[in-house]
1. Work out the length of the dipole vector of the range 667-730 about its Cα centre, built from +1 on the beta-carbon of each Lys and Arg and -1 on the beta-carbon of each Asp and Glu, and round it to the nearest 20 debye.
2. Place +1 on the Cβ of every Lys and Arg and -1 on the Cβ of every Asp and Glu in the chain, take the dipole about the Cα centre, and give the residue among Leu511, Leu196, Leu424 whose Cα lies farthest towards its positive end.
3. In nm, give the distance between the simple-model label positions of Lys569 and Glu673, each being 7 Å from the Cα along the Cα-to-Cβ direction.
4. ³J(HN,Hα) across the range 659-676 via Karplus (A = 6.51, B = -1.76, C = 1.60, θ = phi - 60°), whole Hz, x for Gly/Pro?
5. Using per-residue counts of other Cβ atoms within 10 Å, averaged over each peptide, order 146-155, 654-663 from highest down.
6. At a 10 angstrom cut-off on C-beta neighbours, averaged per residue, how do the peptides 668-674, 689-695 rank from highest to lowest?
7. Suppose each label sits 7 Å from its Cα in the direction of the beta carbon; what would the Glu115-Gln451 distance come out to in nanometres?
8. Take every Cα-Cα distance within the chain, group them into 20 Å bins from 0 onward, and report for each bin the whole-number percent of pairs it holds.
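Read the figures in this text as sums done on the coordinates, not as results from a lab. Since we're looking at a predicted model, the values are computed, not measured. Methodologically, a virtual Cβ is constructed for each residue, glycine included, from the backbone with ideal geometry; neighbour enumeration extends over all protein chains shown.
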Amino acid sequence: MILTPIPAVTMPALALRGLTIFPNMSLHFDVGRSASIKALDEAMASGHPIFLVTQRNLSVENPGREDLYTVGTISTVRQILRLPGDMVRVMVEGEQRGWLRGLPQTEPYLVAEVEEILPSQGKVRNTPRTEALTRQVYECFQQYAELADKITPDIFLNVLANEEPGYIADYIAQNIIMRTGDKQEILEELNPVRRLEKLYRTLRREVEILEFEHGMQEKVRDAVTQSQKNYYLREQLRVIQNELGEGEAGDSEIGEYRQKIAAAKLPAAVEEKLLKEVSRLEKQPFGSAEGSVIRGYLDVCLELPWTKRTKDRVDVETARKQLDADHYGLDKVKERILEFLAVKQLAPDLKGQVLCLVGPPGVGKTSIAMSMAKAMHRKLGRISLGGVHDEAEIRGHRKTYIGSMPGRIIEGIRQAGSKNPLLLLDEIDKVGADHRGDPASALLEVLDGEQNGTFRDNFLELPFDLSEVFFITTANTTDTIPRPLLDRMEVIELTTYTDEEKLQIAKQHLLPKQLKRHGLKKTQLKLTDDALRAIITGYTKESGVRRLERELGALCRKTAMRLVTEHVKSVSVTDKNLESYLGICRYLPEKLEKTPQVGVVNGLAWTSVGGELLEVEVNVVPGTGKLELTGNLGDVMKESAHAALSCIRSRAQQLGIEQDFYKAKDIHVHFPEGAVPKDGPSAGIAIATAMASALTDTPVKKGIAMTGEITLRGRVLPIGGLKEKTMAALRNGIHTVIIPAENRKDLEEIDQTVRKALTFLPVERVDQVLAAALEVPVTAPQEGTRLPESGKNRTSNGFGLQQ
């Protein structure tokens, strides 16, 4: 058959990867490249043919002329089906061969110059040689069909029904699995007889490969006895590995596991369990999913410190020096740690303890735990519990699940590498619960010294002794910690730092740390104490020192900039030039009224960032007896205002107020800074004093602040957060603080600087509050009034209260 070329034409082109299509054949395949999809869309829309040509290298994403073979197939797009994920499935039908003469366009899709190859009319002359070759191909293809098990009878019948050598070669090549290069050689052969010869050679090689595969399978069947049929696949793999020379890999892995178990000196129950798992692994086929699970389990178990422990440092004085070097203040926490070490020195068998450090953010809860580990010579494992909702995070997942792993407790011990580490459970108050379980309930066993000696993780399925672990938990509040869990911990509260403590922390720890981080020497940045105090009061508003550290970091950056650009040798920062480095002051102190005011009282409030001065304003106007409460108040605070009003009504005659004032006057109670939510009962006496002042038109003495809950009968009940509240009073220029008498015991924990600067008036009833706070005493104090807690000498006003 003579093939005649015709002039080249242009048409869309599609580069095939690992595929070849022959003339008069149909093929469907998936297309993902955008350029190929655009070429298909263009051919489908215009009705033009598309040139399908195979890539030489499958890894080339954007092929050029040199990446494509020279002969391809001019085809017609019959159907395009859109698939999810920007993929399409296309069905094409080959028409005739074509020469690729060039690629005049590569964007947005390939356009090829193709010279069509049209076969001339007439059949190939049927010579004896051609007939013999055709019969050999029939026979070889029949052998292939018997061995491959993928050739349907229809395909074999179609081959027998055609006597054209070229069509037979194309049809068989299209329907059997062979290398892309071999298919391309058959496509590029234009002589039908020589094309059939090439197919025969390729087909013969494929038959030999299939016979070899079947021979290997026969060897496996001969090696498998009646009792070993269940391990057929493993034996087949062994034969293959022996052929490749890799038969010893599995045996060495099993032996290595046995050696590790023997060297680890594990408890008897653990060793027995792991050896049993190794025996199971030995029977698993190579690459099986179950084998991977067993390997992961063995690796985790062998990495755990079943018998490894560190020796505690029980030298109390050395530990004290270490803690003092790392942290300023925190005396209660340090004392508790040193007590534990002292007891450990006398009773070495003392089991692990559980401490809960509670305090606002930034006061050093996490860092003190790290210092404790260093002082005790214990390994540290830190576990963050914030946002944990799944019980399996604590107890682990069953190892039968895909991707299973041990819980965070066992994982923390594995990372620490010691049986007696210090485990820090951070943010334990942020643990939640949902349909997957309650992690807090799982922690009950972990933190219980009577139970955690045999803690069972779901992944391990073995008891692990946690009794030697020193657990330290941190929280911002105990309100969200379940009571049974809180009962298992010894709570140590870390309160807000005073300004003086922040000053010392900045000088001894924060500033040196920031200087080192920014590559500065001590002589290059000189920061006065007044400048530090100005930063603490004017640029930070927090319980801890995180914001203070960031501000010091900003100063170091400004200093580095000046050293580099202005070539100065050092920078001196004082309270006078501080604004040129950090900008204008962000927080200004509350401005107290210079003259006594009617209906305005200074209350004291506790917030998560420390204490605050909270003004209470009361206006009395003619009306119908309404009580208006504004300032974004919570329910408890609103109830406290109603209680204060009832208390004042019960004392109306004693205070000289009209008996029916609650009918003829409207009372408006307002707390400034209305955008800030406020709640709690501690403003009760402040509200009552402001109401009494407004109703009697009596000014409130300046320089006085107060805090305390009020009852309907006028009793003053204790409150919390006294340390933070008194610091806020001192910071805002207050000189006298009225507190509940039952809070007198809390004065011992207040900083000595604050105690010396303020005068404290403990009171039991609201009458004492009014006598002390109003300019003109309107009521006599009750019997048994105690003198104020102050070292200063004061003169009495005749009502039993020192002024």
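1. Details: 7 positive and 5 negative charges, 46 e Å.
Around 220 debye, computed over the range 667-730.
2. Leu511
3. Each label point lies 7 Å from its Cα, and together they span 4.6 nm.
4. Rounded to whole hertz, the list is 5, 9, 4, 6, 9, 9, 10, 9, 10, 10, 9, 10, 10, x, 6, x, 6, 9.
5. Packing order, densest peptide first, comes out as 654-663, 146-155.
6. 689-695, 668-674
7. Spacing of the two 7 Å Cα→Cβ label points: 8.7 nm.
8. Answer for the chain: a P(r) of 12, 24, 23, 20, 15, 6, 1, 0 percent.
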